[in-house]
Amino acid sequence: MLVLGTIIVFVLASIVYSLIQERVYAAEATILVTPQGGLSGSGQDTESLMQEVQNAVSTDEMLAEAMRRAGWEDERSFEQRLEVSQFVRQDSPEFGFRVRFSAPEAQEAARISNEYATLFVERVGDISDRLAGGSLAAEADVESRAVVPDNLSRPKPLIYAGIALVAGLLVGGAGALLLDSRTRSWRGARDAEMTLRAPVLGVIPEYSQDGGESQG
Amino acid sequence: MNPEVTREAGVRKFLAPYSPLRPHFEELANNLRSAGDQIRSVVVTCPEAGAGCSSVCLGLGAALAGLGHRAAVVDCNLARPNLHRVLGEPNFVGLTSSLEGDKSLENSGFEVASGLLVIPTGPVPSDPATYLDNESFVEAIRSLEESRDVVLLDAPVSGGVLSSPKFSKGFDGVLLVIHASRTSKSNARAATDDLLEAGVNLLGVVLNGGS
């Protein structure tokens, strides 16, 4: 019952969450970075440089500049709407970044995505000489600009419900196990045998001081 | 009313053949005997104090006696003697005095019912472990088996049984008493696991206060 109850609560919460989520448009621009010089092309080198680039570029100053260009005031909200993810080109030293921005207006989402991507490219140019102590350099370009999205970015109630189902099962199961191990209430010989994995040779009813079996 | 008097009266009542608990103890006695005639000395323990070990020992002993087996219950709780108290008997002679060579165990107790001998701890020593970890303790119980079909040892809690090789391995088997509303499942499970891991011959479990 506890497990079922927890699952129901988690799933309901996930449905409510997906219903009250703000309906937004999401637009995505892509930046391609090409390392210059002596990068071996191994996956480890590429990932290391990619991380170095992102750390060097994504600073507080960059965020402030991006907000200024976008005309956005609330830093927390800006950060929540902005999503920068990495990708690597197969069999190539090239890698890149996807800049995704969500906004209530479609044009605004595309505009800010593109402005952030442009700023990112500018910053890569500025810092490329300094990467890895100057031994490596990289060129960046906006590979594809964000287009104005036609449709709202849909919440994913089924994915949320699935996650809630698994989380509810784990939390409810752990809770039930914990409660059961702490309980001082045995349901009978079968319960004792299942719990202790030993045969129950006898069950003695509750004994009352007047010498009779207690009534319950 | 004096609680000791009430307790004594209650315990004596379920020793009686007409006790409503008697059929339950008889079933337990039959199940225990079905484990084989070679099971003569049984250590009765519990995961924590308060599970009703002494009551189960007395009820089981009375049921065995009622079924025609000569039985004995020995109070081995030298740190907390209990049996003489619940029966309202003196504790001047018993296990410890017998081990010191005064009398045999057969002559160190009192018959509380036909065929049931109860042996209290006797005078409480300052160092109980020296008595219970001694080979003479096992020999005394084995001697008692010559005159009794079954000897029930009202033992300390399972942790104490495990810490004493004489208790855990010196006798024919161990019976674990759990109380339906006082013993936590985690403690009972831990006690069972510990007993089995130590290689104890766990005969089974008694669910006391069950329904």
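What angle do you read, to the nearest 10 degrees and between 0 and 90, between the alpha-carbon axis of helix A:157-182 and the longest principal axis of chain A? Relative to chain A, helix A:157-182 is tipped by roughly 40 degrees.
Provide the net charge surrounding B:V157, with neighbours chosen by a C-beta distance below 12 Å and charges set as Lys +1, Arg +1, Asp -1, Glu -1. Could the numbers behind the result be given before it?
Details: positive: B:R80; negative: B:E48, B:D154, B:D194.
The answer is -2.
Annotation: amide H of A:E143 within the under-5 Å range of A:T30, A:I31, A:L32, sequence separation 5 or more or interchain, hydrogens built in the peptide plane.
Between the C-alpha center of the stretch B:109-141 and that of the stretch A:70-91 there is a gap of 80 Å. Extending 7 Å from the Cα toward the beta-carbon at both B:F110 and A:D141 defines two label points whose distance is 10.6 nm. Overall size of the stretch B:48-138 from C-alpha positions, given as principal axis extents largest first: 36, 30, 24 Å. For chain A, excluding the exposed loop sites themselves (GluC sites (Glu not before Pro), DSSP loop, at most 15 other Cβ atoms within 10 Å), the longest remaining stretch covers A:106-216. In percent, rounded to a whole number, the relative contact order of chain B is 28, using alpha-carbon pairs under 8 Å and six or more apart. Rg over Rh for the stretch A:66-113 works out to 1.10, using Cα positions for both radii and the Kirkwood form for Rh. The fewest-to-most ranking of A:V148, B:V74, B:V42 by surrounding Cβ atoms within 10 Å reads A:V148, B:V42, B:V74.
Averaged over its residues, how many other protein chain Cβ atoms are within 10 Å of peptide B:180-189's Cβ atoms? Can you show the working numbers first?
Values: counts 11, 5, 2, 3, 6, 12, 7, 3, 7, 4.
For this peptide, the per-residue mean of nearby foreign Cβ atoms is 6.
For the stretch B:101-211, the spread of Cα positions along the three principal axes, ordered from largest to smallest, is 43, 31, 26 Å. Taking the fewest neighbouring Cβ atoms within 10 Å as the starting point, the ordered list for B:F110, A:F10 is B:F110, A:F10.
To one decimal place, what Kirkwood hydrodynamic radius in Å is obtained for the protein assembly as shown from all pairs of distinct Cα atoms?
Value: 27.8 Å, from the Cα pair sum.
Relative contact order for the stretch A:23-102: 51 percent, from Cα pairs under 8 Å spaced at least 6 residues apart, divided by residue count. Do any GluC sites (Glu not before Pro) in the stretch B:107-211 lie in a loop, going by DSSP, with at most 16 other beta-carbon atoms within 10 Å of their beta carbon, and if so which? Qualifying residues, ordered by number: B:E146.
Can you tell me the 0 to 90 degree angle between the C-alpha axis of helix A:2-20 and the longest principal axis of chain A, rounded to 10? The angle comes out near 30 degrees. Expressed in nm to one decimal, what extension gain is obtained for the pair A:E65 and A:Q90 from 0.36 nm per residue of sequence separation less their Cα-Cα distance? In short, 5.7 nm is gained.
Using only alpha-carbon positions, what ratio does the radius of gyration of chain B give when scaled by 2.2 N^0.38 Å? The partial results should precede the final answer.
Values: Rg = 15.7 Å, N = 211, 2.2 N^0.38 = 16.8 Å.
That works out to 0.93 for chain B.
Taken together, the values in this text are just the output of simple stated rules run on the coordinates, not laboratory data. The structure presented is a predicted model; accordingly, all values stated were derived computationally and were not measured. Note that we place each Cβ from the backbone using ideal geometry, even for glycine, and neighbour counts take in every protein chain shown.
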